[in-house]
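Computed from the coordinates by the stated procedures, all read-outs in this text should not be read as laboratory data. Keep in mind it's a predicted model, so treat the numbers as computed, not measured. No Cβ is skipped: glycine too gets one built from the backbone with ideal geometry, and neighbour counts run over all protein chains shown.
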Amino acid sequence: MTNVAEKSGVLSWETVATFVATYPSDDGEDACDVEVQIGESDGAWFVRTRDDAGGSDDADDTAYADRDAAETAAEEFAAERDESDGYEDAESYMRTRTEAAAEPDPAGVWCVYWETALDDAGPRERYATEAQATAATKIANHDLSAANPGGNLLCGFEVRELVDGVWTAVEG
């Protein structure tokens, strides 16, 4: 009888890479750190994911011939799925995302603009800087998408600047 290596036979896992994953939450978006681990069973190496948010293993059951191949696959897996926008971990991603928007400024010349074909189009929160308005717009669009899964929305938020009394779209 020949032993066939199976992922379920791995007894010990080692983390070789991490990435930040985002997911919808009651507050719009949340993020978690995901560990990408490798382990050996009957001479074959496997990759798995593990996180503290209750996610399941997202790696497939591919068996790798050696540790180096599994480690490379794990690193590539993490790089392809990382949603951190360059932040170190989920906590800094979420904190910076919220801090970047800052507090609205009623006199600000930048805004989160609700773009729609309906009568309620127009500026929403105003901000002192374009960067703050951009961060707030990303949050608003993410929350809109989370509340309306499936995409194909005919409305959304965009950054606009107040120029000579008119909210002007930012080119970019």
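Numbers below:
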quantity: Sparse-neighbour loop sites [GluC sites (Glu not before Pro); segment 111-172; at most 13 other C-beta within 10 Å; DSSP]; calculated: GLU171
quantity: Helix 130-147 vs. the chain, principal-axis angle (Cα, 0 to 90°, nearest 10); calculated: 60
quantity: With eigenvalues of the C-alpha gyration tensor scaled by 5 and rooted, segment 7-94, Å; calculated: 26, 13, 9
quantity: Percentage relative contact order, segment 7-94, counting C-alpha pairs under 8 Å, at least six apart; calculated: 32
quantity: 0 to 90° range, to nearest 10: angle between helix 67-81 axis and the chain longest Cα axis; calculated: 20
quantity: Most mobile of CYS155, CYS32, CYS111 in a GNM of the chain (Cα contacts under 10 Å); calculated: CYS155
quantity: P(r) tail fraction, segment 102-169 - alpha-carbon pairs more than 17 Å apart, %; calculated: 39
quantity: Relative contact order, percent, the chain [alpha-carbon distance under 8 Å, six or more residues apart]; calculated: 17
